[in-house]
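The values are calculated or read from the model by the stated rules, or taken from the named source; none is laboratory data. Note that the coordinates shown come from a computational prediction; the quantities given were computed from them, not determined experimentally. A quick note on method: Cβ atoms are made from the backbone with ideal geometry, for glycine too, and the neighbour counts reach across all protein chains shown. Just so you know, the surface numbers come from the protein's heavy atoms only, side chains and all, with ligands and any DNA or RNA stripped out. Shrake-Rupley method; radii C 1.70, N 1.55, O 1.52, S 1.80 Å.
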Amino acid sequence: MNIVDILLIVIIILLLGYCSYLKLHQPTINTDDSPYDELRVQVSNNDIMLYIQEATEPYRQFMESREIDFSINCFPESMMGWIDTDIMDKIILLLLSDMVKNMSDGGKIAIDVYANKDYDRITIRINDNAARMPDTSIFIVQSLVHLHHGMMRKDYLEHQGNMILLEFPIKKNVFPEVLDSQTTESAKPQPSTFHIPTHIPLTIPTIQLPEGYDSGTASLGELVQQAYESSDQMFLQRAVNCVKEHLDDSDYDRDAFAADMGASASTLYNKLRTITGKNVTAFIRDIRIKTACQLAKENPDLRVSDIAYRVGFKDPKYFATTFKKETGYQPKDYFDKLRVKK
């Protein structure tokens, strides 16, 4: 059994498991009520274009093994917006797996992602040149798209291939699930409760004491040290250190990060997603913004532009835009509040 067969088996198992889960909840499509009482959209602010590129990257090696021409284009190349990355991951997995299973070696799949003129919606168009794809996962995908307040269209043109069109809103105020959880006292986040949505905690794994443990004969300190030295903890600490060592390098990207970690880009993506729930771009951005806040607090004389350059932003204006989308404040206003509290 080769790697292609193994990957297909894994994908099929994932699909069957998720199908079974959704059938238990009996969702319905195109109704005024939410098709899921238990599930909730959990959106976060992300660079959507970079996220989609990274989310599809793990499929590239598999496509190449099948000699499938796989391409992705984003317009613009970078744009912030609010999405549920877990839902998006599932949609991408389901659609691409259906397309690949339906395609002969040497086929073609192209993904185009673009924003509307108001930059409050995105469209994801996926095309292939294969025969009509089966509806194996379409019901599930439609349910997930509907849950994310989006729309979906599926077409097939004879001798040309399949086309899947997905449209999603990306403004925070579209998601009542998020707004309902916010305090109604103020439309702006309060400095006293400020946190960066992409915060990466370094936590100690749960320590499981061995059966028959006796504090008089064994060292609890050794167990704690083992917890600190767990593989995930060490990987995460090494990843944080890598980013910090290249903090002022605005060209430090996913590939350079992966090389420093001694891993492929897809392995790094999957590992960070498993440990932190964030993609590579969000992980790096989180550290940059957190460090910017620390620099502002510790160095009152630094200007916003100086801080932006030190944490790897080429353009102070883009830094200000990113910072405000993450915190709700312009960096100067927030830094002033930090410095007053010092």
TODO: Those residues that are part of a helix (DSSP H, G or I), free of Cβ contacts under 8 Å to residues at least 60 places away in the same chain, open to solvent by 30 Å² or more (accessible area, probe 1.4 Å) and under 22 Å from ARG254 (Cα atoms), I need them from segment 309-337; list them, please.
DONE: PRO316, TYR318
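Does segment 78-99 hold any residues that are assigned to a helix (DSSP H, G or I) and either under 17 Å from the mean Cα position of the chain (by Cα) or over 20 Å from VAL145 (Cβ atoms) (or both), and which are they?
Just the residues of segment 78-99 that are assigned to a helix (DSSP H, G or I), to begin with: 85-99.
Result: THR85, ASP86, ILE87, MET88, ASP89, LYS90, ILE91, ILE92, LEU93, LEU94.
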Task: Filtered residue count, segment 75-89, keeping only those that are under 24 Å from ALA263 (Cβ atoms) and crowded, with 19+ Cβ neighbours inside 10 Å - done: 2
Task: Per-region count, segment 260-281, residues at pLDDT 85 or above and part of a helix (DSSP H, G or I) - done: 7
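Here is a check on your reading of the model: is ALA259 loosely packed, with under 15 Cβ neighbours inside 10 Å and within 26 Å of ILE52 (Cβ to Cβ)? It would help to see each step written out before you state the result.
Values: loosely packed, with under 15 Cβ neighbours inside 10 Å: yes; within 26 Å of ILE52 (Cβ to Cβ): yes.
Judged against the criteria, ALA259 is a match.
Would you confirm whether any residue within segment 322-339 is of a type in the set (Val, Ile, Thr) and at pLDDT below 90? Talk me through it step by step, then tell me what you get.
If we filter segment 322-339 for residues that are of a type in the set (Val, Ile, Thr), which is where we start, we get 322, 327.
Restricting the remaining residues to those that are at pLDDT below 90 gives 322, 327.
Yes: segment 322-339 contains one or more residues that are of a type in the set (Val, Ile, Thr) and at pLDDT below 90.
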TODO: Identify, from the list PRO27, PRO35, the residue that is crowded, with 19+ Cβ neighbours inside 10 Å, modelled with pLDDT under 50 and either outside any helix (DSSP H, G or I) or more than 24 Å from the chain's Cα centre (by Cα) (or both).
DONE: PRO27
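Checking the conditions here, which among ASP84, ASP120, ASP112 is modelled with pLDDT of 90 or more, closer than 23 Å to LYS325 by Cα and of a type in the set (Asp, Glu)? Working first, answer last.
Values: ASP84 fails: modelled with pLDDT of 90 or more; ASP112 fails: closer than 23 Å to LYS325 by Cα.
The match here is ASP120.
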Open item on the list: Checking the condition in contact with a Lys or Arg (Cβ under 6 Å, 6 or more places away or on another chain), within 26 Å of PHE62 (Cα to Cα) and open to solvent by less than 30 Å² (accessible area, probe 1.4 Å), which residue from ALA282, ALA265 passes?
Closed with: ALA265
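If you check ASN73 against the conditions, is it within 22 Å of GLY328 (Cβ to Cβ), assigned to a strand (DSSP E or B) and touching a residue at least 40 places away in the same chain (Cβ under 8 Å)? Reasoning before the result, please.
Working: within 22 Å of GLY328 (Cβ to Cβ): no; assigned to a strand (DSSP E or B): yes; touching a residue at least 40 places away in the same chain (Cβ under 8 Å): yes.
Considered against the rule, which asks whether it is within 22 Å of GLY328 (Cβ to Cβ), assigned to a strand (DSSP E or B) and touching a residue at least 40 places away in the same chain (Cβ under 8 Å), ASN73 comes out as no.
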Task: Pair list, Cβ < 7 Å and 6+ apart or interchain, from segment 287-301 residues that are more than 15 Å from ASP333 (Cα to Cα) to residues that are modelled with pLDDT of 85 or more and assigned to a helix (DSSP H, G or I) - done: ILE287/VAL240; ILE287/VAL243; ILE287/LYS244
